[in-house]
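Since the structure comes first, as structure tokens, the remarks are kept for the end.
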Amino acid sequence: MRILHLVVIVALVLAAAYVYRIKLDSTVQAERVAKVRGEIRRERDVIASLRAEWAKLDNPSRIQKLAKRHLPLQPTSPTQIGGIETLPMRPPSLVPQDDDDLIAAMIQDLEDETTTGSLPNPETDR
């Protein structure tokens with residue numbers, strides 16, 4: 001009977017030590033979680049302050065003041081805008097005279113041009 005009592009007491013001591021170890025591990029993990037949460041909170045505060053600073057720097061009135069101070073820009077005058085008669089004529093190679101399908105003619109012109117790159121053009125290298 002004494003041996004049974006001794007075995008039960010040893011089992012209780014081992015169980016108490018195991019429970020204490022589990023409690024200690026959970027306390028360490030809880031401290032780690034609290035530390036990570038604190039770091040996350042600090043990072044969110046930093047992000048919020050950076051967003052506020054960006055909003056201040058990105059303010060259109062501030063940018064306009066900086067542009068007036070540092071760029072030699074002037075308002076556009078009506079004489080700077082040209083009419084349709086000032087546009088150059090379309091190059092003749094882009095306007096085929098006998099084709100009805102202008103897009104197909106442009107694609108054909110692009111295919112006829114020599115290619116650049118590392119691969120040879122099989123049509124021109126015969």
Q | Linear extension gain, residue 61 paired with residue 6, 0.36 nm per residue minus alpha-carbon span | A | 11.3 nm
Q: Calculate how large, on average over all directions, the projected area of the Cα convex hull of segment 2-70 is; give the answer in nm² to one decimal.
A: 5.6 nm²
Q.
Once you place label points 7 Å from the Cα toward the Cβ at residue 33 and residue 13, how far apart are they in nm?
A. 3.3 nm
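Since every read-out is calculated from the coordinates, none of them should be taken as a lab result. In this text, all values refer to a predicted model and were calculated from it rather than measured experimentally. Counting neighbours? That spans all protein chains shown, and the Cβs are built from the backbone with ideal geometry, glycine included.
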